[in-house]
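**Student:** A single structure is presented below for examination.
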Amino acid sequence: MTGHGQINAEHKTIDLSLRHTWTIARGSSTKKTNVLVRLSHGGLVGLGEAAPNARYAEDWRTVGAALDRLAPHLHDDPDRWESDLDRLEEILPANRAAKAALDIAIHDLMARRAGVPLCAMLGADPEKAPRTSFSIGMDDLAVMQSKVREASEFPILKVKVGAENARETLEGIRAVTDRPLYVDANEGFPERRRAVELARWMTSIGVVLLEQPFPAADLESTRHLRDSVDLPILADEAVVTVEDLPGAAEAFDGVNVKLQKSGGLRPARRLIDAARARGMSVMIGCMIETSIGITAAAHLSPFADYADLDGNLLIANDPFTGVTVSDGRLILPGLPGLGVSGAW
Ligand code: MG
């Protein structure tokens, strides 16, 4: 026994107000309820966050119930935390946002005990963090254009589009900026033939990559699109865990890895390694999360080719500070653990 005392786990919900109504191909929201986790041990605290998403059958209630089931399995002895992380998946399948919250908090606590920033514990070089894009949600074109102007300090934009208005939207965005664009269709693209025309046109206007054009299950349309165009196509909704990779690798060039989707830093790292082994590129992405969740992902981002870590910037009432962004560069705090501060 190398540690002192017991581990204590608490969780609570947090109501987040969004700066703008957030609209993607699936729907709109103006607020979001996440769940925060705080682990205490030997005078140190580790913070974690769950950003549940209905797309993956979770909400704050399922997260709270899952945390109540998972937390009693954590051991008081810090030497057992590594194996506790491995066991989360066995104890409770699915519920990945809930597991992400515990996984992040344990990592924070372990790195604080070691007295090193989390990225150092993960073996990640913070200088290699990719620049992050800033997301422009769907809206009236004039509003999207003003969001683009507001986001002038971000060198890359990620534009959310739907089936009906994708071309008009992107023409309108192009009218106000020359910056490289990532395009995210959130499974909402039109049928195959129009999709091919649209994607070909996108390459001609400086779109760098296209994320999840078709429904996750429609790998056949995605493969057809990839074979028809010269634009990297990334999986988001189609890849939740490593089990989804073999099928997805046939249809996608890369994968958007999110801590909330895969269940935390450890499974996300495994997914990144597995995607690399298949020759796929990697984006590290996020949900609408406070600086706890976003900073955790930023510590992992040096292992990715692309970063889309702006979820905290879309929130008007983030109580925490951690990673910051300067000219699109992710600046990690350099403090032990996540390096996040703020009132619990
Ligand atoms: Mg996406």
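What follows is calculated from the coordinates using simple rules that are stated; it is not laboratory data. Worth saying up front: this structure is predicted, and the values here are computed from it rather than measured. Don't worry about glycine lacking a Cβ; one is built from the backbone with ideal geometry, like all the others, and counts go over all protein chains shown.
**Student:** Of all GluC sites (Glu not before Pro) in the stretch 215-284, which ones are in loop regions per DSSP and have a Cβ with at most 15 other Cβ atoms within 10 Å? Working shown, then result.
**Tutor:** Numbers: sites: Glu220, Glu237, Glu243, Glu250; in loops: Glu237, Glu250.
Listed in order of number, the matching sites are Glu250.
**Student:** Let me make sure I get this right: for the stretch 119-267, a, b and c are the square roots of the gyration tensor eigenvalues over alpha carbons, sorted descending. Under 1.5 in a/c it's rounded, otherwise prolate if a/b > b/c, else oblate. Which is it? Provide the component values of the computation, followed by the final result.
**Tutor:** On the way: a/c = 1.95, a/b = 1.13, b/c = 1.74.
Here the stretch 119-267 falls in the oblate category.
**Student:** Cα centroid distance between the stretch 129-144 and the stretch 165-214, in Å?
**Tutor:** For the stretch 129-144 versus the stretch 165-214, the Cα centre distance is 13 Å.
**Student:** Please work out how much length the chain gains when fully extended from Thr21 to Arg149, using 0.36 nm per residue of separation minus the C-alpha to C-alpha distance, in nm with one decimal.
**Tutor:** Working: separation 128, 0.36 × 128 = 46.08 nm, distance 1.71 nm.
Gain on extension, Thr21 to Arg149, equals 44.4 nm.
**Student:** Another question, then. Given 0.36 nm per residue, what is the gain on full extension from Arg69 to Ala142 after removing their alpha carbon distance, in nm? Spell out each step's value before the answer.
**Tutor:** Working: separation 73, 0.36 × 73 = 26.28 nm, distance 4.71 nm.
Length difference between fully extended and current span is 21.6 nm.
**Student:** To the nearest 500 deg cm²/dmol, what mean residue ellipticity at 222 nm is calculated for the chain from DSSP H runs of n ≥ 4 alone, each contributing -39,500 (n - 2.57), summed and divided by the residues?
**Tutor:** Details: 12 runs with 120 residues, N = 344.
Estimated from H runs of four or more residues: -10000 deg cm²/dmol.
**Student:** Answer with one residue from Leu332, Asn312, Gly254: the one whose Cα lies farthest towards the positive end of the charge dipole of the stretch 233-344, charges on Cβ with Lys, Arg +1 and Asp, Glu -1.
**Tutor:** Leu332
**Student:** Test of the criteria: in the stretch 112-219, which GluC sites (Glu not before Pro) are in a DSSP loop and have at most 15 other Cβ atoms within 10 angstrom of their Cβ? Provide the component values of the computation, followed by the final result.
**Tutor:** Working: sites: Glu127, Glu150, Glu153, Glu164, Glu168, Glu171, Glu187, Glu191, Glu197, Glu211; in loops: Glu153, Glu164, Glu187, Glu191.
Filter output for the stretch 112-219: Glu153, Glu164, Glu191.
**Student:** While we're on this one: Could you tell me the distance between the Cα centroids of the stretch 1-68 and the stretch 216-293, to the nearest Å?
**Tutor:** 23
**Student:** Mean shadow of the stretch 193-312, computed from the convex hull of its alpha carbons, in nm²? Working shown, then result.
**Tutor:** On the way: hull surface 28.6 nm².
Directional mean of the projected Cα hull area for the stretch 193-312 stands at 7.1 nm².
**Student:** Can I ask one more? Based on the alpha-carbon set only, what is the convex hull volume of the chain divided per residue, in Å³? Don't skip to the end; give the middle numbers.
**Tutor:** On the way: hull volume 40.5 nm³, N = 344.
Spelled out: Cα convex hull of the chain, divided by residues, is 118 Å³.
**Student:** Moving on. Once amide H atoms are placed 1.01 Å from N in the peptide plane, what residues at a sequence separation of 5 or more from Glu211, or on another chain, have their amide H within under 5 Å of its amide H?
**Tutor:** Close amide H contacts, sequence-distant or interchain: Val183, Asp184, Ala185, Leu234.
**Student:** OK, next. Give me the tail of P(r) for the stretch 167-247 as a percent: Cα-Cα pairs with distance above 16 Å. Can you show the working numbers first?
**Tutor:** Details: 1572 of 3240 pairs.
Value for the stretch 167-247: 49 percent of Cα pairs lie more than 16 Å apart.
**Student:** A further question follows. At 0.36 nm per residue, minus the direct Cα-Cα distance, what do Asn317 and Asp77 gain on full extension? Give it in nm, one decimal, please. Before the final figure, lay out the partial values.
**Tutor:** Working: separation 240, 0.36 × 240 = 86.40 nm, distance 3.55 nm.
Residue separation times 0.36 nm, minus the Cα-Cα distance, leaves 82.8 nm.
**Student:** How would the stretch 42-132 be classified by its alpha-carbon gyration tensor: rounded, prolate or oblate, with rounded meaning a/c under 1.5 and the a/b versus b/c comparison settling the rest?
**Tutor:** Values: a/c = 2.15, a/b = 1.25, b/c = 1.71.
It comes out oblate by the Cα gyration axes.
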